[in-house]
Every structure is written in structure tokens, then in C-alpha cells.
Amino acid sequence: MRAFHIERSMLKNMDWLLLISVVIITSIGVAMVYSASYTVVKDDPGFYLRREVIALTIATFAFLLASLLDYTVLQRFYKVIYLLMLLLLLLVFIWGEESDYGGLRWIPIGAFNLQPSELAKLFLIICMASFVDAKESQDTPQLLLRVIAILILPIIAVFKQPDLGTTTVLVVITASILFFYGVSWRWLLGITLSGLAALPMVWVYINDEQKQRIYVFLDPFNPAYGDKAAFQLLQSFVAIGSGGFWGSGYMNGSQTQLRFLPERHTDFIFSTIAEELGFVGAAFLLLVYFILIWRILSIAATSRDRFGRLVAGSVGFMLLYHLLVNVGMTLGIMPITGIPLPMVSYAASNLLSVYFALGLVVSIGLRRSKPMFP
């Protein structure tokens, strides 16, 4: 079996709506990264735009590579992929670069920083889906214990960086794979309740900054937390509110262009979109996201095999979780966790990971049975 093999007959299964959605979201992302980062680097307004274009070029190549790849080939190498994931996460603690907010998350590679925890999301999808697909029984404690055993090492490595947001993403990926595998709701409910019961223990191990973010989420206007702790969230409120229905205009947002809004080109880029493009622009972006996720889940539902269903389904749930958490934290209905908005935030490693994952979804779609949705 050839790893890269596309027949002309497969092209009738191409999901053009998915591709169009990706192009639209990415185009909005590039435009908004330029607007949000225009004043970040003094005397060089195009600094982040150039980096974004380079990252997008690399990510596009990864997307095409994954689209042409027969996705079932990855099953044969999932143990190697798992070891590679652990190695990259370990290298963070050896050669990692400390972020502005503390913690080790990036490995410097030339002018760019590689964030292994972002790649870990993709690797975990492949590894967990490959492992679970090889099992026949759905409701055995042994299966769940082995899944937890696979998850525990990357969870610990990411949690120790510390990166609480990505830690929750890895949990969501695992839960979505179990859901699409067909594990009964009783087991899933039991796992959920066990996770909730473990929260007090998790609280003991998270750092003071992460705890402060939880406090601010619960009561952002409490003066006891100080201006700095809640400043980011309050400025997001102002930016979104000032955008109104039509927005203040591209590159005309006061909170963005006057640099009141922190992390405006990364985690809080949705606040910039709402300020400059208004409710209409923000709602349009969300609509395109939901169309994309719908098409991904459609491909999962019509996959020719269980492995394809597990991969595509978990990619869809991962993107949905990213969307809900990122937008939710800018609105104050989710804690600030540092989860980027896929294909929109300036986040090169996330863009690479998401594009490769979407390429796998396209590969699954090309090789699926008759599409469920026309």
C-alpha cells in the first residue's frame, strides 16, 4: 500500500465547503493579526505579519502533505509518534525558553519558537485513536485504565510547564475519542464525576497566577484582586462593547491600536475582531467556524473505518473546545487559560498542528464512503 496515493475517483468526495471555510477563517486571521500587531513592534508594523505568512506557508505544506497521505499508515507508527511526543515535551524542560508570564513552553528554533504542547494535541489524537481502534471491547475497565496510562505522561509534562489550558485540551481529546469509539455514557459519566472529584487536588498544585485567573473569572470587578490581575479581562470587555454592531472599522479600534488591550494579536484577538468588525464581523467568523466543525463531523460520520471516525471526530471536538474557551474567556464566561483561537490567533505551532489535523480530515473525507451530507 502506497502512503501517498490519490485516485481521480476520490476527488468526488472532496468537501469544498470545508476548504472554503478554512480559507475564510485563515484570511480573517492574517488580516486581524496585522491590525492587532501593527503597534506591537516599534518602527516595524509588519513584523508579526511576516512571521504569520511564513508560518502559514509551512502549515499549508503540512496540510497538503496530510491530505495526500493515506491516514491509515499512521496507525503503524503510533508508538513511535507517542515516544516523539514525550521527547519533545521533555526537551521543553531542557532547552525550553521561559515565557513572559513564567513557565517553560517553547523551544527556540531560529527566529521561531516551537511549542511542543501544541503538537502534542495532534500526536495524542493519532496515538489514542490508533490504540483504541485496535481494541474490541468498549466497556471494560481495563480499556479505560490503559487509556489513562497513555494520557498520564503527556498530561503531567504539560501541566508542569505549567499550561493548564492545553492540559484540559488533552483531556477533551481523549474524552471525544472514547465518545466516538462508543464507550457507554455510564463510563463517560463516571470518568467525568471522577474528574470533578479530583479538582480539589488539582487546585493544590496549580500556581498562584493560575489561581488568580480563576478568582478574576469569578469576580472580575473585585478591587481586592488589583488592577493588573483583572486588567486584561476588563480591557477585553471595553473592546468588545465599543465595537457595537458594525465595529469601529478595520485598524481603527481604540483599545487595540492604542495598546490598551494586552495579548491582542494572540489569545485576545477575538476582542480585536469584535471591536473593529463589530457584532456582524464576529458573528460571521463564528458562523464559518461552526460550518467547518459541521463538515468535519460529517466526514467523521461517513468515514470508511473506525480509525478515520475517531481522528476526524476528535479534531472536530478539539476545534470546538478551542473556539468555546477562547471566545468565552474574552467575554468573561470562561477562565483565561491561554488557549488560542485556531487559525486566527498569532500562534505558529498551533497553526501547524491544526492545519496538519485538517489535512488528515481531508484525507479521511477523500477515502470515505458516500457523503452523508450533499
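The values are calculated or read from the model by the stated rules, or taken from the named source; none is laboratory data. Keep in mind the model is a prediction, meaning the values are calculated, not measured. Here Cβ is always computed from backbone atoms with ideal geometry, including for glycine, and neighbour counts include all displayed protein chains. Surface accessibility is based on the protein's heavy atoms, side chains included, excluding ligands, DNA and RNA. Shrake-Rupley method; radii C 1.70, N 1.55, O 1.52, S 1.80 Å.
Suppose the filter is open to solvent by 50 Å² or more (accessible area, probe 1.4 Å), among the aliphatic types (A, V, I, L, M), touching a residue at least 12 places away in the same chain (Cβ under 8 Å) and closer than 30 Å to residue 96 by Cα; does residue 119 pass it?
On the way: open to solvent by 50 Å² or more (accessible area, probe 1.4 Å): no; among the aliphatic types (A, V, I, L, M): yes; touching a residue at least 12 places away in the same chain (Cβ under 8 Å): yes; closer than 30 Å to residue 96 by Cα: yes.
No.
Limited to the stretch 61-95, what total is found for residues that are touching a Phe, Trp or Tyr at 6+ places or on another chain (Cβ under 8 Å) and either touching a residue at least 40 places away in the same chain (Cβ under 8 Å) or at positive phi (or both)?
In the first step, residues of the stretch 61-95 are kept if they are touching a Phe, Trp or Tyr at 6+ places or on another chain (Cβ under 8 Å); the result is 62-63, 65-66, 68-72, 75, 78, 81-82, 84-85, 92.
Then keep just the ones that are either touching a residue at least 40 places away in the same chain (Cβ under 8 Å) or at positive phi (or both); that gives 62-63, 65-66, 68-72, 75, 78, 81-82, 85, 92.
The qualifying residues number 15.
Quick check: anything in the stretch 60-69 over 21 Å from residue 114 (Cα atoms), open to solvent by less than 50 Å² (accessible area, probe 1.4 Å) and assigned to a helix (DSSP H, G or I)?
Let us first name the residues in the stretch 60-69 that are over 21 Å from residue 114 (Cα atoms), namely 67-69.
Filter once more, so that each one left must be open to solvent by less than 50 Å² (accessible area, probe 1.4 Å): 67, 69.
So of that shortlist, the ones also assigned to a helix (DSSP H, G or I) come out as 67.
There is at least one residue in the stretch 60-69 that is over 21 Å from residue 114 (Cα atoms), open to solvent by less than 50 Å² (accessible area, probe 1.4 Å) and assigned to a helix (DSSP H, G or I).
In the set 317, 356, 279, which member is free of Cβ contacts under 8 Å to residues at least 40 places away in the same chain, in a helix (DSSP H, G or I) and open to solvent by 10 Å² or more (accessible area, probe 1.4 Å)? Break it down into steps so the answer makes sense when it comes.
Values: 317 fails: free of Cβ contacts under 8 Å to residues at least 40 places away in the same chain; 356 fails: free of Cβ contacts under 8 Å to residues at least 40 places away in the same chain.
Going through 317, 356, 279 in turn, the sole match is 279.
How many residues, within the stretch 91-110, are out of contact with any helix residue (DSSP H, G or I) (no Cβ under 8 Å at 6 or more places or on another chain) and open to solvent by less than 50 Å² (accessible area, probe 1.4 Å)?
Adding up the residues that qualify gives 3.
Regarding residue 113, is this residue surrounded by fewer than 19 Cβ atoms within 10 Å (Cβ to Cβ) and in contact with a Gly (Cβ under 6 Å, 6 or more places away or on another chain)?
Considered against the rule, which asks whether it is surrounded by fewer than 19 Cβ atoms within 10 Å (Cβ to Cβ) and in contact with a Gly (Cβ under 6 Å, 6 or more places away or on another chain), residue 113 comes out as no.
Condition check: part of a helix (DSSP H, G or I), at pLDDT below 85, open to solvent by less than 40 Å² (accessible area, probe 1.4 Å) and among the small types (Gly, Ala, Ser). Does residue 229 satisfy that?
yes
Please state which of the following conditions residue 135 fails to meet, knowing it meets all the rest: (1) part of a helix (DSSP H, G or I); (2) open to solvent by 10 Å² or more (accessible area, probe 1.4 Å).
(1)
Restrict the check to the stretch 70-91 and report whether at least one residue is aliphatic (A, V, I, L, M), closer than 30 Å to residue 27 by Cβ and in a strand (DSSP E or B).
No - not one qualifying residue is present in the stretch 70-91.
Does the stretch 136-159 hold any residues that are of a type in the set (D, E, K, R) and either touching a residue at least 24 places away in the same chain (Cβ under 8 Å) or touching a strand residue (DSSP E or B) at 6+ places or on another chain (Cβ under 8 Å) (or both), and which are they? First the steps, then the outcome.
Taking the stretch 136-159 first, the residues of a type in the set (D, E, K, R) are 136, 139, 146.
The one that is of a type in the set (D, E, K, R) and either touching a residue at least 24 places away in the same chain (Cβ under 8 Å) or touching a strand residue (DSSP E or B) at 6+ places or on another chain (Cβ under 8 Å) (or both): 139.
Output yes when any residue across the stretch 256-265 is assigned to a helix (DSSP H, G or I), more than 24 Å from the chain's Cα centre (by Cα) and either surrounded by fewer than 21 Cβ atoms within 10 Å (Cβ to Cβ) or not small (Gly, Ala, Ser) (or both), and no when none is.
yes
Which of the residues belonging to the stretch 198-219 are over 23 Å from the mean Cα position of the chain (by Cα) and over 15 Å from residue 233 (Cβ atoms)?
198, 200, 201, 203, 204, 205, 208
Residue-wise test of (1) under 20 Å from residue 354 (Cβ atoms); (2) open to solvent by 30 Å² or more (accessible area, probe 1.4 Å).
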{"residue": "149", "(1), (2)": "no, yes"}
{"residue": "152", "(1), (2)": "no, yes"}
{"residue": "156", "(1), (2)": "no, yes"}
{"residue": "167", "(1), (2)": "yes, no"}
{"residue": "173", "(1), (2)": "yes, no"}
{"residue": "176", "(1), (2)": "yes, no"}
{"residue": "181", "(1), (2)": "no, no"}
{"residue": "185", "(1), (2)": "no, yes"}
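Quick check, is residue 273 within 14 Å of residue 36 (Cβ to Cβ) and in contact with a helix residue (DSSP H, G or I) (Cβ under 8 Å, 6 or more places away or on another chain)?
So residue 273 fits the description; yes.
Taking the stretch 8-50, which residues are among the charged types (D, E, K, R), closer than 19 Å to residue 355 by Cα and either loosely packed, with under 15 Cβ neighbours inside 10 Å or touching a strand residue (DSSP E or B) at 6+ places or on another chain (Cβ under 9 Å) (or both)?
So the first thing to find is which residues in the stretch 8-50 are among the charged types (D, E, K, R), and the list is 8, 12, 15, 42-44, 50.
Next cut, closer than 19 Å to residue 355 by Cα only: 15, 50.
Within the stretch 8-50, 50 is the sole residue that qualifies.
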